[in-house]
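In what follows, a single structure is set out as C-alpha cells and then discussed.
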Amino acid sequence: MPATGYIQVNAYESYARLPLENVAVTITAADGTAIAMRLTNRNGQIAPIEIPVPDKAESQTPDPGERPFAVVNLYARLKGYEQVESENLQVFADTITDQNLEMIPLAELPNQWDQTVIFDTPPQNL
C-alpha cells in the first residue's frame with residue numbers, strides 16, 4: 001500500500017547562507033514526470049511537498065529487488081545564480097527529506113555562466 005513522504009527545500013546564497021526568495025524549484029519522478037513546481041519564500045524555503053512512497057512496512061525486511069523509498073530529482077533556478085540539480089534523492093515514508101541548496105552567484109564564476117552543478121545521491125546501504 002502506498003504511503004507518503006515529504007521533501008522540503010532550503011535555498012541560500014553560498015558562503016553567507018542568506019536565504020534566497022523566488023528560487024524556482026521543480027521536483028520530478030525518476031522517469032522525468034513533474035511532481036511539483038514551487039517558488040521559495042523570503043526564508044528560502046518551500047512548504048514540504050508530498051511524495052508517494054512505498055509503505056514503511058516494506059522496509060522492515062531486506063529484499064534486494066524492492067526499494068523502501070521513492071527516488072526523485074530536484075532542479076533549482078534563480079536568475080544570477082548557478083543552476084542546481086540534485087539527482088536520485090531518496091524519500092522515505094512518514095519522513096521529511098531536507099534538501100539544502102547552496103546557490104552560487106554567477107558573479108563569482110564569470111567564466112561559467114551556463115554551468116549547472118549536479119549532485120547525485122547514491123542509494124542507501126539498507
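A few remarks follow.
- Arranged from fewest to most other beta-carbon atoms within 10 Å of their beta carbon, Thr40, Thr95 become Thr95, Thr40.
- Panel order for Leu20, Leu39, Leu106, by other beta carbons found within 10 Å of each beta carbon, from fewest to most: Leu39, Leu106, Leu20.
- Proxy reagent accessibility, fewest Cβ within 10 Å first, across Glu21, Glu66: Glu66, Glu21
- A simple rule links phi to the HN-Hα coupling: the Karplus curve 6.51 cos²θ - 1.76 cosθ + 1.60 with θ = phi - 60°, which for segment 84-93 gives 10, 10, 10, 9, 6, 5, 9, 10, 9, 4 Hz, with x for Gly and Pro.
- Summed side-chain charge close to Leu18 - residues other than Leu18 whose Cβ falls under 13 Å, Lys, Arg +1, Asp, Glu -1: -1
- Loop-resident trypsin sites (Lys or Arg not before Pro) (DSSP state other than H, G, I, E or B) in segment 17-55 with no more than 13 further Cβ atoms inside 10 Å of their Cβ: Arg17, Arg42.
- Summary of packing: across the peptides 85-94, 3-12, the per-residue average of other C-beta atoms within 10 Å ranks them, highest first, as 3-12, 85-94.
Bear in mind that the values in this text are calculations on the coordinates, not laboratory data. Note that the structure is predicted; figures quoted are calculated from it, not measured. Using ideal geometry, Cβ is built from the backbone for each residue, glycine included, and neighbour counts are taken over all protein chains shown.
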